[in-house]
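Take a look at the structure below.
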């Protein structure tokens, strides 16, 4: 009986560790697009993990231009920058070879006064 219980416990732990889990994601909203915003996503990953893939979704609408950039290092060093134009925003992007356990996101208005931006990140 005791051996069966131990074996069953080991199987349960193995299944739990190997069962694919949905990755958590970071979600940020910019309701005042006339001001700059800076976010650090440390929610969508476990600390000290090694990662191979980052997904970023940027959606919303602007009345004028803005810039959004993100990187896996502070101050967006070596990151990606998108020039957003007036109208609907719908960007989905991903990149590989991610190092670290955070994602730095920076929004800068370039004349935008009205609108809303939603950013969703997921680090695998």
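Structure notes:
- Filter pass, residue 14 being modelled with pLDDT under 65 and not in a loop (DSSP other than H, G, I, E, B): yes
- Filter pass, residue 103 being surrounded by 15 or more Cβ atoms within 10 Å (Cβ to Cβ), touching a strand residue (DSSP E or B) at 6+ places or on another chain (Cβ under 9 Å) and modelled with pLDDT under 90: yes
- Some residue of region 49-67 being in contact with a helix residue (DSSP H, G or I) (Cβ under 8 Å, 6 or more places away or on another chain) and either within 13 Å of residue 122 (Cα to Cα) or at pLDDT 80 or above (or both): no
The values are calculated or read from the model by the stated rules, or taken from the named source; none is laboratory data. As the structure is a computational prediction, the values presented were derived from the model and not from experiment. Because the Cβ atoms are built from the backbone with ideal geometry, glycine has one as well, and the counts that use them run over all protein chains shown.
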